[in-house]
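So the structure is just underneath, and the comments pick up after that.
The values are calculated or read from the model by the stated rules, or taken from the named source; none is laboratory data. Source: prediction; values computed, not measured. Here the Cβ is made from the backbone with ideal geometry for all residues, glycine too, and neighbour counts use every protein chain on show.
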Amino acid sequence: MKDVSRNAEISDFSLTPCTGTFRHPGIEAEFQRHRLARTQRQLRITLCFGAFFELAFWLTDLAALGYNATTQLLLLARLLVALSVAVGLYLVAHNPLSTALPRYAATAAEIVAFSTFMLVIAHRPAEIHWHGMSMSIMLLVVYLFIPNAVLNATAVALAATLAFVLLALEIGTMNASDMVTLILSLIFTNAFGSLAAYRHERLSRQEFQAQAVVRGALATQRQFVSMLSHEFRAPLAIIDTTAQRLGSKLELQQPEWAARLAKIRRATTRLLSLLDNCLTEDRLVASDLVLHAAPVDLRESLLQSYGDKGAQSSPRIRLILPETPLWAHCDRHLLDIALSNLVGNALKYSPEDSTVTVRLQADALPGKIAVRVEDRGPGVAPADRERIFDKFFRSAADQRVPGAGLGLHLARDLARRHGGDVTLEPEDARPGAVFTLSLPLTAPASA
């Protein structure tokens, strides 16, 4: 949508009064590309549906005229409609990036269909009243259902209407009052159809404009969050490193400072985690998050993160790991974010003197690896269990605990993008909550 944002500054998404299209050709082209897949899908459905009914109505030719040279001619004419549809759809399918080709295919099919219809009328003049009803239906289909430019559809419909009226006058089987009624009904059908088509085009572009404005705002927000992350990350890293070094030097000389320095490091880690969550969530919303998946030994990964010498180790974390490696095909960085949110939540909501158990299991779910994070906190209230994974949701009882209500939502979203999930285990007699992150199991040979 970068082109849209740039073009928006040029033309402000203004529309032409007669066609409902964007004045600026760049934005109009971007709009056509934006809805190209939907246009192609609608074109396939409506043209195939119309071709089927065109062939099916040959049975009415047989009923009215019997099987003779005339009905054979009409069958060939109806087959020509189906052939034009097939050729148009073939060209569209083999030129999937062309935005103009669907309109050409629609216009050609409409012209052939109306021409065939006039041929049918010429050979079945006694049913002109029924033909007038069919003509109105065909006009509405052209205006409302076949995806085409408003000007193209209007030109084809008006030309077909004029040809039909002239043919009806030539046949001369209708009295004057019926002829006036027929002409008025066709005029009203064209007026209603063209106005409806114009309104549809205008509303579609207004929706596109609103989406472009939202995307532009989100892009600005992403740039702002990225800038904040860059500006905050460096000083936070300095604070964390300084606190770590001071802790190692003052551990023996002034042990009373250890708790304060540990608090500084926890606060720094929490801020860095919040930055990671905001950036990752922003990329998820923008749908540009790319998984750099590779075989990962979850046992080794948990040891590196939460073991005795791990980057996020804590005396309160109790690791329970199998003896052998367990492999999963995942993005190591994104998985670390998901696990960090689960473990961080467990530590945050548990008493300071309690432990958090991180348990890696291979047989918890069929074909899945499970990482269970068990805390000793107050648990999740029954009324909140259905909403605990909602974005920005925080229980009324948790307002005293710092947080943004984003961690659990992000952890589950990241797990699901890996083909897994994050679930809250049912309540049992033990205190606290148990969250389970599951991932598809990968055979060791693939690693």
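Here are the numbers:
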quantity	calculated
So residue 227, is it part of a helix (DSSP H, G or I), modelled with pLDDT of 90 or more and either surrounded by 15 or more Cβ atoms within 10 Å (Cβ to Cβ) or outside the structural domain of residue 141 (by TED's automatic domain parsing) (or both)	no
Residue within the stretch 350-362 that is closer than 20 Å to residue 417 by Cβ, modelled with pLDDT of 80 or more and not aromatic (Phe, Trp, Tyr) present	no
Identity of the residue in the stretch 136-151, under 16 Å from residue 202 (Cα atoms) and in a helix (DSSP H, G or I), that ends up nearest to the chain's Cα centre (by Cα)	144
Matching residues, the stretch 12-52, being of a type in the set (Ser, Thr, Tyr) and at pLDDT below 90	14, 16, 19, 21
Failed item in (1) buried (at least 17 other Cβ atoms within 10 Å of the Cβ); (2) in contact (Cβ under 8 Å) with a residue 24 or more places away in the chain; (3) part of a helix (DSSP H, G or I), with residue 200 passing the rest	(1)
Filtered residue count, the stretch 397-424, keeping only those that are outside any loop (DSSP other than H, G, I, E, B) and either farther than 23 Å from residue 354 by Cα or at pLDDT 80 or above (or both)	14
Looking only at the stretch 253-302, and only at residues there that are modelled with pLDDT of 70 or more, assigned to a helix (DSSP H, G or I) and among the β-branched types (Val, Ile, Thr), the one that is surrounded by the most Cβ atoms within 10 Å (Cβ to Cβ)	268
